[in-house]
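Peer 1: Take this structure, written in structure tokens, and hold onto it; I'll ask about it next.
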Amino acid sequence: MQFEITKEYIQELQQLIAEQNNDALLNLLKEVHYADIAEIIEDLETEESIYLIKLLDSDVTSDVITELDEDTREKVLRGLSSKEIAEEISELDTDDAADIISELTNEQQEEVISHIEDLEHAKDIVDLLRYHEDTAGGLMAKELVKVNENWNVLTCVKEMRAQAEEVSRVHSIYVVDDNDILKGRLSLKDLLTTSTRSPIKDIFIKNVDSVNVNAEAADVARIMQKYDLEAIPVVDEIGRLVGRITIDDIVDVIKEEAEKDYQMAAGISQDVEADDTIWQLTKARLPWLILALFGGFVSVSILGGFSTAMVKYKELFFFTPLIAAMAGNVGVQSSAIILQGLANDSLRGSLWNRLLKEVMLSLLNGLVLAGLLMSAGMYFLGFELRVGLTVAISLVSVIIIASIIGTFVPIILDKRGIDPALATGPFITTSNDIFGILIYFWIAKMILGF
């Protein structure tokens with residue numbers, strides 16, 4: 001059953017911390033999962049959080065620290081000495097340890113690493129810190145189980161037992177040669193059902209998916225998602241096995257990418273959270289708001305150029321917001337579908353076929369909406385036929401143009417190496433508002449002859 005964190009529970013914890021009743025605190029948290037403890041700490045004051053971290057065993061709190069929000073973790077780590085941080089780090093896999101240490105200053109990093117007693121563990125962490133966080137090297141852990149292709153099954157089992165003590169979860173058994181070049185993977189079933197004298201080279205599976213240590217994190221996520229992998233080995237430029245990436249790290253990457261794309265689609269240019277400072281939030285939002293303001297000035301300028309038409313045909317003014325809104329909505333819908341396809345790497349086939357499909361779909365939607373608008377306009381509003389025809393043709397045209405823009409702008413940006421999420425939100429909405437109004441009055445001029 002999922003643990004429920006109530007207001008009363010938090011208050012009880014705070015009371016026990018204030019009383020420094022350690023036995024009662026340990027008893028209250030005895031059966032609580034580390035992820036729930038992290039959630040509890042988010043609701044406590046910084047001093048209370050540090051008190052709990054120092055009270056609980058490192059094998060629990062090390063996992064708790066990895067689950068904390070970055071801002072909360074920064075405050076907690078600030079209250080711990082370098083030696084205390086090292087004790088927490090020592091209990092973690094190298095990838096999680098490197099992630100936490102990377103958040104410290106260079107001076108703190110050196111101090112913490114110097115206090116790690118396991119020199120091999122410290123060496124692996126230092127090695128991981130060399131890689132950018134958005135690459136396979138920045139995601140991988142050094143802990144894995146590997147066997148030599150020249151061993152027999154009996155030797156292999158003995159070595160695996162020794163290696164497995166350092167690995168929290170064994171997803172795969174990798175096979176390497178004498179130079180640590182990745183050759184394949186070993187099936188546990190084959191290992192158990194084969195004679196102990198059989199050489200590993202005769203039973204291992206040669207085909208194994210791997211990624212280069214410098215591969216982009218988003219590309220690694222796509223590969224693991226496509227082939228439904230729980231873990232994937234990481235190799236260097238000459239094919240040597242240097243680490244592995246597990247699914248829990250990829251879930252974090254997918255979540256971060258989704259949050260980033262959502263913020264960009266909403267017109268937020270930086271990674272921000274609700275509790276960031278006003279200045280940080282302003283810097284993230286203001287650029288796109290300036291773009292929207294500029295687009296608004298362009299729209300006003302276009303409307304100003306057709307002021308005489310609106311004096312003669314006042315009905316045109318009432319439909320201007322409708323045309324602009326439909327253009328923006330259709331553009332965002334089309335771009336959202338393309339973005340999803342780009343993210344899932346599922347866009348297939350000719351671009352011309354996609355264009356034809358999008359035009360046909362837009363034409364059908366436009367005809368339905370224009371027909372409804374014409375019928376409602378003629379019946380309820382009583383405008384003349386030529387005005388109704390102008391609005392209907394404009395609506396169909398605007399929907400087609402907006403869908404084409406929404407489809408091809410993300411594709412073009414992606415081909416140029418620019419994040420296609422830029423195509424959504426304010427960019428598509430503003431550009432289609434402008435094109436929508438321009439097309440609307442151009443068609444009105446053609447039909448009504450002003």
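Peer 1: For an R0 of 22 angstrom, estimate the FRET efficiency from the Cβ-Cβ distance between ASP69 and ILE337 and round to the nearest 0.05. Present the calculation step by step, with values, prior to reporting the outcome.
Peer 2: Numbers: r = 33 Å, r/R0 = 1.48.
My answer for the efficiency is 0.10.
Peer 1: On to the next question. Go through PHE3, PHE441, PHE318, PHE435 and list them by solvent-accessible area, largest first, probe radius 1.4 Å. Walk me through the numbers on the way to the answer.
Peer 2: Numbers: PHE3 70, PHE441 0, PHE318 145, PHE435 95 Å².
Listed by decreasing accessible area, they come as PHE318, PHE435, PHE3, PHE441.
Peer 1: Starting from the Kirkwood radius over alpha-carbon pairs of region 1-103, derive D by Stokes-Einstein at 10 °C in a medium of 1.306 mPa s and give it in µm² s⁻¹. Before the final figure, lay out each step's value.
Peer 2: Details: Rh = 13.9 Å.
This corresponds to a translational diffusion coefficient of 114 µm²/s.
Peer 1: Using a 1.4 angstrom probe on the protein heavy atoms only, line up ARG354, ARG73 by accessible area, largest first.
Peer 2: Details: ARG354 65, ARG73 20 Å².
Final ranking, largest accessible area leading: ARG354, ARG73.
Peer 1: How many percent of the alpha carbon pairs in region 23-62 exceed a separation of 15 Å? The partial results should precede the final answer.
Peer 2: On the way: 260 of 780 pairs.
Summing the P(r) of region 23-62 above 15 Å gives 33 percent of all pairs.
Peer 1: Provide, as a two-decimal number, the C-alpha radius of gyration of region 93-199 over 2.2 N^0.38 Å, N being how many residues it has.
Peer 2: Cα Rg divided by the expected 2.2 N^0.38 Å: 1.29.
Peer 1: Could you sort GLU257, GLU216, GLU8 by their accessible area in this structure, using a 1.4 Å probe and putting the largest first?
Peer 2: GLU8, GLU216, GLU257
Peer 1: With a ≥ b ≥ c the root eigenvalues of the C-alpha gyration tensor of region 123-165, is it rounded (a/c under 1.5), prolate (a/b larger than b/c) or oblate? Intermediate results must be reported in sequence, preceding the final value.
Peer 2: Details: a/c = 3.73, a/b = 2.77, b/c = 1.35.
It is prolate, given that a/c is not under 1.5 and a/b is the larger ratio.
Peer 1: Continuing with this model, one more query. Please report, in debye to the nearest 20, how large the charge dipole of region 124-200 is about its Cα centre when each Lys and Arg carries +1 at its beta carbon and each Asp and Glu carries -1 there. Intermediate results must be reported in sequence, preceding the final value.
Peer 2: Numbers: 10 positive and 13 negative charges, 87 e Å.
That gives region 124-200 a dipole magnitude of about 420 debye.
Peer 1: At a probe size of 1.4 Å, how large is the accessible area of HIS121, to the nearest 10 Å²?
Peer 2: Surface accessible to solvent at HIS121 totals approximately 20 Å².
Peer 1: Per-residue accessible area for ASP134 at 1.4 Å probe radius, Å² rounded to 10?
Peer 2: Accessible area of ASP134: about 70 Å².
The values are calculated or read from the model by the stated rules, or taken from the named source; none is laboratory data. All figures in this text were calculated on a predicted structure; none of them were measured in a lab. Virtual Cβ from ideal backbone geometry, glycine too; neighbours counted across all protein chains shown. Quick note on the areas: whole protein, heavy atoms, side chains included, nothing else; ligands and nucleic acids left out. Shrake-Rupley method; radii C 1.70, N 1.55, O 1.52, S 1.80 Å.
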